[in-house]
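Colleague: Pasting a structure here, questions to come.
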Amino acid sequence: MKRYKDVAGDGGSNIAGQVEAQQGRHPRHTRLHRAIVAIVSGKGGVGKSTLTASLACAFALDGWKVGVLDADLNGPTQAKVLGVRGKRLLIADGVVEPPATELGVKVMSMDLLLPSDAAPLTWEAPVQDEAHTWRGAMEANALREFLADTNWGALDLLLLDLPPGTDRLATIASLVPALSGIVVVTIPSDVSHLVVRRSITVASNTRAPVLGLVENMSGIFVGPDAAKLAAEAGIPFLGSVPFDRALTVAGDQGDPFVATAPERLAAMALRRIAESIRAALTKRPA
């Protein structure tokens, strides 16, 4: 059995040409966006996706044109949380028209492409011992397609919801050289802070500025001080979002919590964090 390195050229597939054309499209698309921000956390279970969706809605309420790219290919949730799950994707001239929420937030997620709830995302490698490398390459290519082949239009803000871990941040940073900033999410937990410290280090090593740290689910249990963690890391503390079961329920129902329950403490905290992010983006060098 031949491997890629044994095939002369690209075997007639013109993969190099396809990727080159795609790479040419994607910078043109990203230049249409005023800001692109990645939401990250090394720790799973911190409510990062719900936070991303809520921030998107908060910006939309303030009149911003917003898009959300669900970069968690193996555990996509944004279509569900933002209430567009099951909507049909329209394709015109090789470009995908992303569905939009009632607030006008455009969404692209692998969940919109999978045939059923039970269908996992699988990557078929030429040979099993190359599966890990093949998966990384295919996932990077899928993210590039989401960026290049989605008709985002001209956005004020594109939010990238990254999966847990730090490896995807390096991929996104390479795919989006114009990344405007990174927001790191934690919860009041020693374990979360341990992992998130590493995420902050990785984020600081990219060319994008770290806009700050958000503490999610504050008050659910007693834990370390997130503001102190941010100060020790030399990054801004953007604020805490108090735990609110209603926010979780809203996410399950695809309900824009900040719009439908603006009087809740969690909704007000999310609006303040969105304002802090907006201020940080405004201070960026032109």
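The values are calculated or read from the model by the stated rules, or taken from the named source; none is laboratory data. Computed from a prediction, not measured in an experiment: that's the story for all the values here. Neighbour counts are summed over all protein chains in view; Cβ atoms, including those assigned to glycine, are modelled from backbone coordinates with ideal geometry. Please note that ligands, DNA and RNA were not included when accessible areas were found on the heavy atoms of the full protein model with its side chains. Shrake-Rupley method; radii C 1.70, N 1.55, O 1.52, S 1.80 Å.
Colleague: Is one or more of the residues making up region 206-216 more than 20 Å from Ala279 (Cα to Cα) and out of contact with any helix residue (DSSP H, G or I) (no Cβ under 7 Å at 6 or more places or on another chain)?
Modeller: Within region 206-216 (the criterion being more than 20 Å from Ala279 (Cα to Cα) and out of contact with any helix residue (DSSP H, G or I) (no Cβ under 7 Å at 6 or more places or on another chain)), the answer is no, since none of the residues qualifies.
Colleague: Among the listed residues Arg207, Arg198, which satisfies the condition of being within 19 Å of the chain's Cα centre (by Cα), loosely packed, with under 15 Cβ neighbours inside 10 Å, more than 23 Å from Ala79 (Cα to Cα) and in contact (Cβ under 8 Å) with a residue 60 or more places away in the chain?
Modeller: On the way: Arg207 fails: in contact (Cβ under 8 Å) with a residue 60 or more places away in the chain.
Answer to the selection: Arg198.
Colleague: Looking only at region 180-196, which residues are in contact with a Ser or Thr (Cβ under 9 Å, 6 or more places away or on another chain) and among the hydroxyl-bearing types (Ser, Thr, Tyr)?
Modeller: Result: Thr186, Ser192.
Colleague: Quick one: count up the residues across region 240-286 that are of a type in the set (Ser, Thr, Tyr) and open to solvent by 70 Å² or more (accessible area, probe 1.4 Å). Quick ask: steps written out before the conclusion?
Modeller: Step one: of region 240-286, the residues of a type in the set (Ser, Thr, Tyr) are 240, 248, 260, 276, 282.
If we keep only those that are open to solvent by 70 Å² or more (accessible area, probe 1.4 Å) as well, we get 248, 260, 282.
The total comes to 3.
Colleague: While we're here: Do we find that Phe221 is aromatic (Phe, Trp, Tyr) and exposed (fewer than 14 other Cβ atoms within 10 Å of the Cβ) in this structure?
Modeller: Details: aromatic (Phe, Trp, Tyr): yes; exposed (fewer than 14 other Cβ atoms within 10 Å of the Cβ): yes.
Judged against the criteria, Phe221 is a match.
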